[in-house]
Structures are given as C-alpha cells and as structure tokens.
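Okay, structure first, notes after.
What follows is calculated from the coordinates using simple rules that are stated; it is not laboratory data. Only a predicted model underlies this, so the values are computations on that prediction, with no experimental measurement involved. Reconstructed Cβ throughout: ideal geometry from the backbone, glycine too, with neighbour counts over all protein chains shown.
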Amino acid sequence: MFEPQWVIPGVLARSARPGRALGPYAEAPREEVDKWLAVLREMGIRSIICLLDDKHLCLYKDLPEGLVEYYRACGFHAAHIMLRDPVLGGIVTEDALQKVWMAYQELPKPVIIHCSAGRDRTGKAVDYILKMIG
C-alpha cells in the first residue's frame, strides 16, 4: 500500500485510496478522506485521477455525493476512469491507459493517481504516462 508519494516531483504522484489503511474493503469515513486530502493539499496537488471500480467506490457511504464528486467539492479537479481490480480478474487495457493519458494531459498539474492499494492499476497507469512523456 502506498501513501501519497511523488513519481515526478511537483508534477505526478501516486497513492493508495483514502482510507485504504483501514483494510482492503473497510468503509472509509469522511474524516479519513479529509485527512488524505489535507496531505494532498500540503503536497500542492491540484488534480486527482481515480481508478477505482464499483467494489471500492461503494466504501464511501459517508460521502452521499460519491468520492469523485467529493474531491471536486473540496476544490480538486478530478477524473474517474474505472479500472477493474486485477486481483478480481480485471484487465488494464490499452484503451483504458489511453483514457488515463488523456485525463492526465487535460488536468492541471500536479496530478495524483490512485486505485485501491496504489500498486497494480496505479502502477500501470503511472508507467504508461512515463512512457508517453518519454
């Protein structure tokens, strides 16, 4: 599991989802999300790319507007590209990675990308962005 960390300082970061430290399928209360967002603000993050699927998005019942809309309500730019968890049989396709790349190009920097644990989907997305940057 990853805490927010820079991949390209001041430009691109990666992380596990807010509240992931409580457990892979533990509900994340608003306070956990707010603590995570405070860390992002300290880092200067302006945009968030969320790669969560339904099995993880439903863990934010404390946010009636949903996680991605909560990010926006808290002043962040946000994009959601749903990628199924590879642990549950999901495959990260070239098409999905292209969507991540397009979102990354359009969003104000710095950008942070997260899935649930911050490893598989996030790692592939970050690797793809780094490849596209050259």
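Some points to look at:
- In a simple Cβ point-charge model (Lys, Arg +1; Asp, Glu -1; nothing else charged), the chain has a dipole of about 280 debye relative to its Cα centre.
- Averaging the sequence gap over all C-alpha pairs within less than 8 Å and six or more residues apart, then dividing by the number of residues, gives the chain a relative contact order of 34 percent.
- Förster-model FRET efficiency, 22 Å R0, residue 133 and residue 72, C-beta, rounded to 0.05: 0.30
- Largest GNM mean-square fluctuation among 68, 33, 11, using the chain with Cα springs under 10 Å: 11.
- GNM top mover of 95, 53, 85 - the chain, alpha-carbon springs below 10 Å: 95
- Under-25-angstrom lysine pairs by C-alpha in the chain, whenever the two are 8 or more apart or on separate chains: 10
- When the helices of the chain are scored as -39500 (n - 2.57) per DSSP H run of n ≥ 4 and the total is divided over every residue, the value at 222 nm lands at -11500 deg cm²/dmol.
- Sites residue 105 and residue 57, calculated FRET efficiency, Cβ-Cβ separation with R0 22 Å, nearest 0.05: 0.35
- Cβ-Cβ FRET estimate between residue 91 and residue 3, R0 fixed at 30 Å, reported to 0.05: 0.65
- Structure remark: mean-square fluctuation, Gaussian network model of the chain, C-alpha springs under 10 Å; the largest value among 82, 43, 102 belongs to 102.
- Calculated on alpha-carbon atoms, Rg and Dmax of the chain in Å: 13.4, 40
- Under 13 Å, Cβ to Cβ, from residue 37 - net charge with Lys/Arg +1 and Asp/Glu -1: +2
- Count Lys and Arg as plus one, Asp and Glu as minus one, and take only other residues whose Cβ is under 13 Å from that of residue 94; the net charge is then +1.
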